[in-house]
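Here's the structure we're looking at; comments come further down.
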Amino acid sequence: MTKHPKDHRIRTMSTAERRDHIGLLQVYTGDGKGKTTAALGLSLRALGAGLRVAFLQLFKGALPSSELALVCRFGSDFWLKRFARELTPYSLGRGEPTDEDRQVAAEAWATAREVILSGAWDLVVLDEVNNLLHAALIPIPDCLASLLQRPRYVDVVCTGRGAPQQLLDVADLVTEMRCLKHPFASGVPARPGIDC
Ligand code: ATP
Ligand code: MG
């Protein structure tokens, strides 16, 4: 096991230290707020320990989101990539996916697969991948095969609503965020820095 960093300066782990890390498969799902937030919090902790983080936002549409600015703060240890070029009704939760939605999902998954298998990143976040698996925009067998073939030191976090049972079955950690209350229901819009 890698040792906990002794000081609080940002450091990058050596290749040997990184290979010593035990990578697990985590799933954050459910209808409550906190899935993407938890993955971002985990990314911060990982960066603090000197791990390298790839944060792939597979289907966020083109809505602005504060986490995009984080790349400027962490340099080459943090890579954040978004795939959708523009908002589509489906990415806003309305209607059926179009051919363009399918195309974006296929491109996003091709990159995600490469990133997971490359071993270049210690923590790979697949933000909103669960929704795409649920909607069959990413083939579940192909996704599971890649997750299971990843280098053993790579942690992967899958976020999003409706994670399929097959993913839950192979995951090491599953957390369900359950909505008990959300200010959206009282008309409070998404707040920059808090919700987006
Ligand atoms: P967050 O990004 O805030 O951690 P999330 O990843 O758990 O939320 P998503 O399903 O990705 O939730 O939803 C994206 C957006 O919808 C976010 O702005 C989030 O705050 C908001 N949201 C999350 N849960 C709910 C809910 N139960 N009702 C209304 N809006 C929600
Ligand atoms: Mg989310």
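Look at VAL104 and say whether it is buried (at least 23 other Cβ atoms within 10 Å of the Cβ) and closer than 20 Å to HIS21 by Cα.
No: the conditions fail for VAL104.
Tell me, which residue of the range 71-90 that is touching a helix residue (DSSP H, G or I) at 6+ places or on another chain (Cβ under 8 Å) and outside any loop (DSSP other than H, G, I, E, B) is farthest from ligand 1 (Cβ to nearest atom)?
Restricting to residues being touching a helix residue (DSSP H, G or I) at 6+ places or on another chain (Cβ under 8 Å) and outside any loop (DSSP other than H, G, I, E, B), the top hit is ASP77.
Looking at (1) surrounded by fewer than 18 Cβ atoms within 10 Å (Cβ to Cβ); (2) in contact with a Phe, Trp or Tyr (Cβ under 9 Å, 6 or more places away or on another chain), find the lone condition where ARG52 falls short.
Result: ARG52 passes all but (1).
For a quick check of your reading of the model, give me the residue pairs whose first member lies in the range 14-33 and is farther than 13 Å from LEU167 by Cβ and in a loop (DSSP other than H, G, I, E, B), whose second is at pLDDT 95 or above and β-branched (Val, Ile, Thr), with beta-carbon atoms closer than 7 Å and at least 6 apart or on different chains.
Partner pairs satisfying both residue conditions: GLY23/VAL154.
Applying the selection to the range 56-70, what residues are within 12 Å of ligand 1 (Cβ to nearest atom), surrounded by fewer than 18 Cβ atoms within 10 Å (Cβ to Cβ) and in a helix (DSSP H, G or I)?
SER66
Being in a loop (DSSP other than H, G, I, E, B), closer than 20 Å to ILE138 by Cα and of a type outside the set (S, T, N, Q) is the requirement here; does GLU96 meet it?
Against the criterion (in a loop (DSSP other than H, G, I, E, B), closer than 20 Å to ILE138 by Cα and of a type outside the set (S, T, N, Q)), GLU96 qualifies.
Would you point out the residue of the range 41-55, among those that are touching a residue at least 40 places away in the same chain (Cβ under 8 Å) and within 14 Å of ligand 1 (Cβ to nearest atom), that is nearest to CYS179 (Cα to Cα)?
Going through the qualifying residues, I end up with LEU42.
Which residue out of LEU144, LEU168, LEU126, LEU117 is under 19 Å from ALA39 (Cα atoms), in contact (Cβ under 8 Å) with a residue 24 or more places away in the chain and in a helix (DSSP H, G or I)? Can you show your working first?
Working: LEU144 fails: under 19 Å from ALA39 (Cα atoms); LEU126 fails: in a helix (DSSP H, G or I); LEU117 fails: under 19 Å from ALA39 (Cα atoms).
Going through LEU144, LEU168, LEU126, LEU117 in turn, the sole match is LEU168.
The values are calculated or read from the model by the stated rules, or taken from the named source; none is laboratory data. Model, not experiment: these values are computed from the prediction. Every residue, glycine as well, gets a Cβ built from its backbone with ideal geometry; the counts of neighbours run over all protein chains shown.
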